[in-house]
1. Can you find a residue in region 63-71 that is touching a helix residue (DSSP H, G or I) at 6+ places or on another chain (Cβ under 8 Å), at positive phi and free of Cβ contacts under 8 Å to residues at least 60 places away in the same chain?
2. In region 47-78, which residues are in a strand (DSSP E or B) and open to solvent by less than 100 Å² (accessible area, probe 1.4 Å)?
3. Taking the conditions exactly as written (modelled with pLDDT of 90 or more, of a type in the set (D, E, K, R) and surrounded by fewer than 10 Cβ atoms within 10 Å (Cβ to Cβ)), does Lys6 satisfy them or not?
4. Listed residues Ser19, Ser26, Ser38; which is in a loop (DSSP other than H, G, I, E, B), more than 25 Å from Val71 (Cβ to Cβ) and open to solvent by less than 100 Å² (accessible area, probe 1.4 Å)?
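The values are calculated or read from the model by the stated rules, or taken from the named source; none is laboratory data. Computed from a predicted model, the values in this text were never measured in an experiment. Note that each Cβ is placed from the backbone with ideal geometry, even for glycine, and that neighbours are counted across all protein chains shown. Each accessible area value is taken on the protein alone, full model and side chains, heavy atoms only, with ligands, DNA and RNA left out. Shrake-Rupley method; radii C 1.70, N 1.55, O 1.52, S 1.80 Å.
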Amino acid sequence: MVDREKVEREAEEIVKRFSEVLERYSFEDVEEYYILESKNVLREDSEPSVDPSFREEVLKIAPKTRDGYIVVEKSKWE
């Protein structure tokens, strides 16, 4: 069983030690950073490059194909 008083004493000691460490630390020299302006940085558009064998490799591992397409079961909305 957990000794509640012991846990409370240990927690108080942890908080006390942490407070002492924070008191020694100077926050005046800490720089603050703000995002002043938000922009989307996008790459330049270019022609897509696709490995020509990609389609063939995907079709090889598909469970069912027809006329170069993957066949999937039509599902009902429930």
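1. Yes, region 63-71 contains a residue that is touching a helix residue (DSSP H, G or I) at 6+ places or on another chain (Cβ under 8 Å), at positive phi and free of Cβ contacts under 8 Å to residues at least 60 places away in the same chain.
2. Across region 47-78, the qualifying residues are Thr65, Ile70.
3. Yes; evaluated as a whole, the condition is true for this residue.
4. Only one candidate qualifies: Ser26.
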